[in-house]
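Taking it in order: structure first as structure tokens, then the write-up.
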Amino acid sequence: MKSAYELAMERLEKASPSISLTEDQKREIAEVDSVYRAKIAQREVFLKDQIRKAQIAGNSRGTITRETARLGSASLAGRVRS
């Protein structure tokens, strides 16, 4: 006897079958992913320097909160895909 989950997955597969990606598509996706991971890493390096400067200047709270929130949402999106 199949579980409710298995039955639901079978119905879903019938309604909208899975599509396999070609090697070219996988390569293009990997390239785009790599570009944006590099952009996020570059931003993290920049922000670490900005945070350090803000801490030295004594006005770190607002800067850190705003920038890490923006960066966190981009990093989270990357983690979800991986």
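Values in this text are rule-based calculations from the coordinates and carry no lab data. Being a predicted model, the structure only gives us computed values, none of them experimental. Here Cβ is always computed from backbone atoms with ideal geometry, including for glycine, and neighbour counts include all displayed protein chains.
In order along the range 26-33, phi translates into HN-Hα couplings of 4, 5, 5, 4, 4, 5, 5, 4 Hz, rounded to whole numbers, per the Karplus curve 6.51 cos²θ - 1.76 cosθ + 1.60 with θ = phi - 60° and x for Gly and Pro.
Sites listed here are trypsin sites (Lys or Arg not before Pro) in the range 1-64 whose DSSP assignment is loop and whose Cβ has at most 14 other Cβ atoms within 10 Å: LYS2. Were the residues from LEU21 through MET9 laid out at 0.36 nm apart, the gain over their Cα-Cα distance would be 2.3 nm.
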